[in-house]
Amino acid sequence: MAPVLRTFAETGERLKYSILFKKLDILIIRSFIGPFIVTFFVSLFVLVMQFFWLYMDELIGKGLSVWMIAQLLFYMSTTLVPLALPLSVLLASIMTFGDMGENFELVAIKASGISLLRFMRPMMVFIFFVSLLAFFFSNNFIPVANLKALSLLYDVRNSKPTLNIKPDQFNSDIQNFSIRVGSKDPDGHTIRDILIYDHSDLNGNNKVIVAKEGEMIPSADKLSLIFRLRDGWRYEEGFDHGVHDMSQVRMHFDKWDKVFDLSAFRFTRTDEGMFKHAYQMMNLKQLGEAMDSLTRSKNRIPATTAGYMAPYISLTNGKSEDKRLKSALAGNKISHPATFDSTLVELIPPGKRPQVYVSAENNLRNFKSLLGNSTIERKFQTDNFARFAIEWHRKFTLSFACILLFLVGAPLGAIIRKGGLGMPLVIAIVFFVTFHILNITGEKLAKSSSFTPWAGMWMSTFLLLPLAFWMLAAARNDAAIFTKEWYTRVWRRTKTILGVRGA
């Protein structure tokens with residue numbers, strides 16, 4: 001009977017701990033999800049606003065609709081997810097564990113026999129699924145968003161600003177015309193003292209229009225602007241072929257409509273197919289195919305170069321006259337290598353030597369040019385391959401960055417034991433800026449061929465991963481790294497080692 005009761009007791013104890021762990025796991029995940037969502041959208045909003053302020057001058061004044069600007073911001077916000085997601089994981093993990101440490105929840109959990117690694121397990125599983133989702137998003141959505149965002153941004157940046165004619169200023173926004181108005185009435189349409197230079201025939205200021213007043217009337221389709229001028233003169237100068245002299249024509253009008261074409265100011269979309277072959281617009285499969293194509297193209301360069309250079313290496317091209325020259329050289333007994341040049345020249349008839357010299361010089365110049373072009377082509381292919389390889393590795397570094405920064409943030413929050421947006425925010429920004437700088441540095445080193453693409457893109461991970469493991473060990477041992485007492489002890493030990501006395 002006793003063994004049976006003991007078995008039931010052990011089973012009940014295991015069931016109790018199993019239920020406790022499930023409740024604890026759910027509590028931890030709920031505590032993390034809230035700060036994670038909030039910090040993600042806050043980080044994304046800050047990054048989008050940074051983009052908006054960066055390109056504000058190119059967006060304002062071009063007559064873009066609110067819907068067009070909203071589209072651009074939406075697509076750009078999608079491309080900024082790779083920056084916002086790791087930052088939100090780092091900040092949320094520091095806030096979650098810091099808040100639990102500040103409220104002594106971590107102490108209570110450790111006192112119940114639950115280790116820090118077991119405590120982190122549910123969040124680690126959650127971050128793992130977030131990383132998988134980030135990889136899927138980076139591989140399938142970001143290339144499309146890059147295509148939409150960069151093509152739209154290209155059209156916005158190349159579109160002309162809206163026509164804005166100001167008093168007492170010449171305006172040349174309309175092609176081949178320079179317009180000045182002396183004043184504008186408050187209604188915004190009536191203009192006075194009008195001067196228009198017509199440069200449409202590219203002969204200078206040979207056509208001038210002057211009017212006392214008029215009106216600016218846009219057409220119904222907004223593709224034309226009508227200047228309804230009153231009481232003015234038209235002056236035209238031209239070359240009179242009959243008398244071989246300049247002629248001038250002056251015409252007065254009481255009322256005349258001058259129509260300006262505004263189709264160039266209309267916002268038009270460029271075909272997105274022009275941008276789809278860029279490496280930013282490709283997924284893993286497309287990047288792999290592009291890299292294979294670049295590798296085959298780069299490997300063909302030596303054989304192609306050899307084929308181009310073969311006609312200039314006459315002793316190996318198999319022509320009959322070159323075979324005779326080769327056999328003559330082989331049969332000539334040369335006593336010393338220093339006499340090779342003079343012996344070779346002596347084989348050439350004196351009358352043909354200048355021609356041979358010029359031909360040899362031209363061949364050497366062409367030979368050098370071919371080698372230079374081949375070198376440039378190989379460098380171009382290598383740099384292009386590096387860009388595609390960097391983008392290929394970026395698909396994975398985004399996912400692993402979420403795991404890495406969680407491994408940094410979770411133990412860091414347990415160490416500092418501060419919740420909220422004070423100390424955790426400062427520390428998170430410092431670590432993220434460090435990670436971002438290392439990431440950009442590695443990418444630039446890879447693009448400059450100083451590092452291989454995989455080494456450059458994974459450099460930040462290799463450097464910060466040991467730091468993450470060190471922080472995990474410090475958090476398990478309850479190290480008080482970020483407390484005032486810890487710095488005081490370090491300072492006292494430093495003074496003792498250096499033999500410094502006093503405070």
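Residues of segment 8-24 that are of a type outside the set (A, V, I, L, M) and either more than 14 Å from Val125 (Cβ to Cβ) or at pLDDT below 55 (or both): Phe8, Glu10, Thr11, Gly12, Glu13, Arg14, Lys16, Tyr17, Ser18, Lys23. Just to be sure, is Ala414 at pLDDT 80 or above and touching a Leu at 6+ places or on another chain (Cβ under 9 Å)? No: the conditions fail for Ala414. Among the residues here, Thr295 qualifies as out of contact with any Pro (no Cβ under 9 Å at 6 or more places or on another chain), modelled with pLDDT of 70 or more and of a type in the set (S, T, N, Q).
Among the residues of segment 348-376, those that are touching a residue at least 12 places away in the same chain (Cβ under 8 Å) and touching a Ser or Thr at 6+ places or on another chain (Cβ under 9 Å) comprise Asn363, Leu370, Leu371, Ser374.
Considering Leu27, Leu5, Leu72, Leu64, the condition of being assigned to a helix (DSSP H, G or I), modelled with pLDDT under 80 and over 24 Å from Ala410 (Cα atoms) is satisfied by Leu5 alone.
The values are calculated or read from the model by the stated rules, or taken from the named source; none is laboratory data. It should be emphasised that the depicted structure is a prediction, and the values quoted were computed from it without experimental measurement. Heads up, the Cβs are rebuilt from the backbone with ideal geometry, glycines too, and the neighbour counts pull from every protein chain shown.
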